[in-house]
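All remarks here apply to the structure that follows.
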Amino acid sequence: MSSTIDDEAKPLYYLVIYSRNNMGISRFYAGTTRSRGVLEVKIRCNPQLLIQYALRSGFKKKGGRKIMTFTTDNWETYAKVLIYAVITSNLRTYKKKLQAMEAVKTLTYLDLKYWAGIIVERFRERKYPGILRPARALRILLEIDKR
């Protein structure tokens, strides 16, 4: 079985969920391996819904009970789950979280590229407080929240 350099260098996208009780801390990495990957976003959200959405979207689970790792090689899938996690981090009702799940599916590639880029950039600059405004703007745009 021969592998080329392109196969080995293909980026993988990681979602790592550290779960405690009902809340979990989710970390999104991009890179060839998780240890070499760049932390793009770290956010606290409901782990059950995020796991459900990630598996439906095409992530593959790689073991663990308290620390769960999911991988995908598709950037669009990764961006949708990242945006979903950011949007739902401040939503309280289950109904709105389900509404967000459906709304994220409607985003086009350019929308995903723009919003994921804004979120990652703001996280690098100001950590969690930096992503609150883009998350709020996206919720209003997708008609999940009202002004």
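Laboratory data are not the source of any read-out in this text; all were calculated from the coordinates shown. Given the structure is predicted, the values throughout are model-derived calculations rather than measurements. Reconstructed Cβ throughout: ideal geometry from the backbone, glycine too, with neighbour counts over all protein chains shown.
In terms of other Cβ atoms within 10 Å, Leu138, Leu55 run from fewest to most in the order Leu55, Leu138.
Which entry is the computed Rg and Dmax of the Cα atoms in Å for this structure: (i) 15.1, 57; (ii) 14.8, 41; (iii) 21.2, 70? Of the labelled values, this structure produces (i). At full extension, Lys113 and Leu141 could sit 8.5 nm farther apart than now, given 0.36 nm per residue minus the alpha carbon distance.
Take the chain, connect every pair of alpha-carbon atoms lying under 10 Å apart with a spring to form a Gaussian network, then pick out the residue of Gly64, Gly117, Gly130 with the largest mean-square fluctuation. Between Gly64, Gly117, Gly130, it is Gly64 that shows the largest mean-square fluctuation. What you get for the chain, charging only the Cβ of Lys and Arg (+1) and of Asp and Glu (-1), is a dipole of about 900 debye around the Cα centre. Listed by chain and number, the lysines placed with their C-alpha closer than 24 angstrom to that of Lys61 are Lys10, Lys42, Lys80, Lys97, Lys105; residues fewer than eight positions away on the same chain are left out.
Provide the percentage of antiparallel DSSP beta bridges, counting only those with both residues in segment 5-141; round to the nearest 5. The partial results should precede the final answer.
Values: 24 of 24 bridges.
Roughly 100 percent of the beta bridges in segment 5-141 run antiparallel, per DSSP.
Counting only lysines at least 8 places from Lys62 when in the same chain, there are none with an alpha carbon closer than 16 Å to its own.
Which of the trypsin sites (Lys or Arg not before Pro) across segment 37-129 are loop residues per DSSP, with 15 or fewer other Cβ within 10 Å? When the trypsin sites (Lys or Arg not before Pro) of segment 37-129 are filtered for loop state and at most 15 Cβ neighbours within 10 Å, Lys62, Arg65, Lys66, Arg92, Lys127 remain. Taking Cα atoms only, the orientation of helix 132-141 departs from the longest principal axis of the chain by about 70 degrees.
About its Cα centre, segment 67-113 has a charge dipole of approximately 320 debye under the convention of +1 per Lys or Arg Cβ and -1 per Asp or Glu Cβ, with nothing else charged.
Were the residues from Trp75 through Gln52 laid out at 0.36 nm apart, the gain over their Cα-Cα distance would be 6.5 nm.
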